[in-house]
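The values are calculated or read from the model by the stated rules, or taken from the named source; none is laboratory data. From a predicted model like this one, the values you see are computed outputs, not experimental measurements. Heads up, the Cβs are rebuilt from the backbone with ideal geometry, glycines too, and the neighbour counts pull from every protein chain shown. The protein model used for the area step is the full one, side chains on, heavy atoms only, and it has no ligands, DNA or RNA in it. Shrake-Rupley method; radii C 1.70, N 1.55, O 1.52, S 1.80 Å.
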Amino acid sequence: MPRVIFGFVIAGVMSLPGATDAQITTATDITEEEYLAVKNAPEGGIDRQIKVVDIGKSNVAVGILHRDKLESTDGPARGIVHSLVTEVYYIYSGGGTLVTGGTLNDRQDVQPDSDIVTTIVGKSFFSTSTGGQSRYVSEGDVVVIPGGVFHGWTEIEDHVTYLSVRPDPDKVLPAGWVNPVINKR
């Protein structure tokens with residue numbers, strides 16, 4: 001992963017209002033070795049949180065997501081809404097059609113004790129969406145998805161792998177959490 005881009009994304013999050021109001025005296029690294037260990041672990045699903053960091057008045061989490069080929073869908077987009085946590089996607093490899101926003105239907109709340117809620121992105125729900133913004137994204141693109149905005153894929157050519165930086169101003173994610181794959185090393 002290009003380290004300059006990763007550093008740029010983290011620096012951008014640190015410039016968020018309130019991110020530096022507290023006396024934070026250390027930085028948190030995510031090495032390429034840690035990133036790859038989490039990305040390549042045999043268990044963990046599509047969305048794998050790497051670390052959750054307390055940055056003062058807010059937390060920030062970093063995760064890696066990988067999705068395999070998805071044939072184009074004709075109906076409404078299926079996806080998810082995170083109520084409080086914003087996501088900044090950096091497309092690492094591959095590409096596909098991402099839909100955001102629109103009119104939501106078929107809401108299904110994510111169970112409050114699931115990893116999605118407790119560790120990855122906080123309170124969320126699955127839904128379908130019609131009339132949202134559809135765009136093709138690929139390697140090197142960055143997309144900012146504010147909390148409360150629907151997002152889902154309608155087509156993925158071969159795969160898409162992307163880094164997600166997650167500003168958490170309400171501190172709903174567990175500060176200090178580190179993926180167990182990293183702790184096993």
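Identify all residues within region 126-146 that are farther than 22 Å from residue 64 by Cβ and surrounded by fewer than 18 Cβ atoms within 10 Å (Cβ to Cβ); write none if there are none. Explain how you work it out, then say what you get.
Looking only at region 126-146, we keep the residues that are farther than 22 Å from residue 64 by Cβ, and these are 127-134.
Within region 126-146, 130, 131, 133, 134 meet the criteria.
In region 147-176, what residues are over 24 Å from residue 75 (Cα atoms) and open to solvent by 50 Å² or more (accessible area, probe 1.4 Å)?
169, 170, 171, 172, 175, 176 - these are the residues of region 147-176 that are over 24 Å from residue 75 (Cα atoms) and open to solvent by 50 Å² or more (accessible area, probe 1.4 Å).
Residues of region 48-59 being open to solvent by 10 Å² or more (accessible area, probe 1.4 Å) and either acidic (Asp, Glu) or in contact (Cβ under 8 Å) with a residue 60 or more places away in the chain (or both), which ones?
Passing the criteria: 48, 51, 53, 54, 57, 58.
Identify, please: which residue in region 36-91 is assigned to a loop (DSSP other than H, G, I, E, B) and among the β-branched types (Val, Ile, Thr) and is, among those, nearest to residue 136 (Cα to Cα)?
Applying the first criterion (assigned to a loop (DSSP other than H, G, I, E, B)) to region 36-91 yields 41-46, 55-58, 71-76, 83-86.
Still in the running and among the β-branched types (Val, Ile, Thr): 46, 55, 73, 85-86.
Working: 46: 20, 55: 32, 73: 14, 85: 23, 86: 20 Å.
Within region 36-91, the match that is nearest to residue 136 (Cα to Cα) is 73.
Among the residues of region 89-106, which ones are of a type in the set (A, V, I, L, M) and open to solvent by 40 Å² or more (accessible area, probe 1.4 Å)? Spell out the reasoning first.
Here is the first cut: in region 89-106, the ones of a type in the set (A, V, I, L, M) are 91, 98-99, 104.
Once the filter is applied, which keeps residues that are of a type in the set (A, V, I, L, M) and open to solvent by 40 Å² or more (accessible area, probe 1.4 Å), region 89-106 yields only 104.
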